Amino acid sequence: MSEFLCSRLWNYPIVDLAKTRVRTCCKTPSIQLQDEDLKKYKEEVFLNLDVIKDARNEMLLGSKPERCNYCWNLESSGIQSFRDGSNSWHKHFDKISNKNLIESHNPNDLDIQLDNYCDLKCIYCNEEFSSQWQIEKETHGDIKKYIPINSNSNEFGDLFFSWFEKTKNSFERIAFLGGEPLISPRFYDLLDRVIDSYNDKFPKNLKIYIITNLNTKDKFFEKFCNTIDRYKHKIEFNINVSMESVGERAEFIRSGLNYPRFVKNLNELAQIKGIKITNITTINLLCLSSLAEHLQLVLDLERKYNTLFDIHGNIVTYPNYLHIDLMDTTMGEYYVNQCISVLQNKNHRKYINFLESLKNSFNFHKLKHSEKHQVLLSELDKLSTRRNINYRSIFNEYEYLWN
């Protein structure tokens, strides 16, 4: 069996309802669908496009499909990738009879991408996932008018729910993401529709995931908490909170963030019984110096509210100038060891292993004065000018980069 197998190429559809796009696995590029695709593939459009089946065939034959370059690039750098490997492959396929290994009809995970409505402009994000980025780039002429943020295809939505009704009992995880779901105008209607479709007969292992930046203003956050409270007795919720820094550093990395409000919301969320919370840390060059402080916040909340967070490591590879390979080796290892020291003996071994794998990536001694280095400074200068923020004073520990 191929050492390059990953079941996510088969069992993890992502459906972008706003822009009529699909993909399998969140680390692969989206596929823009046309009217003729919907007519040709019908419900097979969500998992069995020819381009997806071709990539599966490559993987089965022992090759590395280009669609999966995100993980191949991480692995070549010695970093843990998102790929799940042969164990998950067996778990998924050994229970399926009459196998046609090129096709997929038994998905485990589903991501429902709502739209790009968002209240933040995270430094590693773009107009595709953030309406705030869209507005800024259009204002400054970086892009021409982008796909309207309220675009929708009723035909595509109807086709999706027709397919969902037939596949819903195979899912173990259904996630809602944006943009920012908690302020999306369509989030609550779609959440209600998905939950109601089961008529209180939920698969044993099904969980609902919601991916949020938790920067939500009071009235939106209260509505969200009330919704969770209404449904949590029926089905398990896992709230995925995206954050990896603290204070003004976090507010620069995530432009538009009100950090005290984030901390208040996270405190309130940690007090809700009967849900799970996952902290997704999106590791980028600028967050490493404050990551340990953020992890300490998580541990403090665990202790204060007698709960346990799951901590999950994500890593920025695009734009590539924010990748951690521009980190000085000595500094990078120091910051990683800080984080490991904070988490030691605190039930977060998987995340510690992820942190250990980052130590292989620090290569500033090779990249100094490179094009990547110059682009980093140019982009940060541009953002600082537009937003009237002196990033060099905020991140003074990175002086080796500015000099």
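Inter-part distance, the range 2-38 to the range 254-293, computed on C-alpha centroids, equals 28 Å.
Left without a cysteine partner by the 4.7 Å Cβ rule in the chain: CYS6, CYS25, CYS26, CYS68, CYS71, CYS118, CYS225, CYS287, CYS339. Pairs of Cα atoms nearer than 8 Å and 6+ residues apart set the relative contact order; for the range 317-368 it is 57 percent.
By how many nm would the segment from ASN69 to ASN126 grow when fully extended, if each residue of separation counts as 0.36 nm and the alpha-carbon distance is taken off? Before the final figure, lay out each step's value.
Numbers: separation 57, 0.36 × 57 = 20.52 nm, distance 1.96 nm.
Length gained between ASN69 and ASN126: 18.6 nm.
Relative contact order of the range 255-403: 22 percent, from C-alpha pairs under 8 Å at least 6 residues apart in sequence. Toward the positive end of the charge dipole of the chain, with +1 on the Cβ of Lys and Arg and -1 on the Cβ of Asp and Glu, the farthest Cα among THR212, ASN345, TYR117 is that of ASN345. Among the lysines, which have Cα under 21 Å from the Cα of LYS39 when same-chain residues fewer than 8 positions away are ignored? Answer for LYS39, where 21 Å is the Cα cut-off: LYS19, LYS53, LYS166, listed by chain and number.
Under 5 Å from the amide H of ASP84 lie the amide H atoms of SER7, ARG8, each residue being 5 or more positions distant or on a separate chain, with H modelled from the backbone and absent for Pro and chain starts.
Take every Cα pair under 8 Å whose residues are at least 6 apart in sequence, average their separation, divide by the length of the chain, and the relative contact order is 13 percent.
Computed from backbone phi, the HN-Hα couplings of the range 333-343 come to 5, 4, 5, 5, 5, 4, 5, 5, 4, 5, 8 Hz, rounded to whole numbers (Karplus: 6.51 cos²θ - 1.76 cosθ + 1.60, θ = phi - 60°; Gly and Pro given as x).
Indicate, rounded to the nearest 5 percent, the antiparallel portion of the DSSP beta bridges found entirely in the chain.
Numbers: 8 of 37 bridges.
Here the share of antiparallel DSSP bridges comes out near 20 percent.
For the range 40-79, place one equal point scatterer on every Cα, skip the solvent, and apply the Debye formula. What is log10 of I(q)/I(0) at q = 0.23, 0.32, 0.33 Å⁻¹? Debye intensities relative to I(0), on a log10 scale: -0.77, -0.99, -1.01. For ARG173, the residues whose modelled amide H falls within less than 5 Å of its own, excluding neighbours fewer than 5 places apart on the same chain, are LEU110, LYS207. Each residue of the range 253-262 was assigned a 3J(HN,Hα) from its phi angle through the Karplus expression (A = 6.51, B = -1.76, C = 1.60, θ = phi - 60°), giving 4, 10, 4, x, 6, 9, 4, x, 5, 4 Hz with x at Gly and Pro. Projecting label points 7 angstrom from Cα along Cα→Cβ for TYR231 and THR385 puts them 4.5 nm apart.
Using a Gaussian network model of the chain in which every pair of alpha carbons under 10 angstrom is joined by a spring, one finds that among ASN199, ASN215, ASN69 the greatest mean-square fluctuation is at ASN199.
Compute and list, largest first, the equivalent-ellipsoid semi-axes of the chain from the alpha carbon gyration tensor, each √(5λ) rounded to a whole angstrom.
Details: eigenvalues 216, 129, 109 Å².
Whole-Å semi-axes of the equivalent ellipsoid: 33, 25, 23.
Residues whose amide H lies under 5 Å from that of GLU236, counting only those 5 or more places away or on a different chain, are ILE208; hydrogens are built 1.01 Å from N in the peptide plane.
For the peptides 105-115, 232-242, residues were scored by their other Cβ atoms within 10 Å and the scores averaged per peptide; the highest-first order is 105-115, 232-242. The HN-Hα couplings worked out from phi for the range 52-65 by the Karplus form 6.51 cos²θ - 1.76 cosθ + 1.60 (θ = phi - 60°) are 6, 5, 5, 5, 4, 4, 4, 5, 5, 7, x, 9, 10, x Hz, whole numbers, x standing for Gly and Pro. Taking packing as the residue-averaged number of other Cβ atoms within 10 angstrom, the listed peptides 116-129, 23-36, 337-350 run from highest to lowest as 116-129, 23-36, 337-350.
Rule-based calculations on the coordinates, nothing more; no lab input. Bear in mind that the values here come from a model prediction, so they are computed numbers and not experimental data. Heads up, the Cβs are rebuilt from the backbone with ideal geometry, glycines too, and the neighbour counts pull from every protein chain shown.
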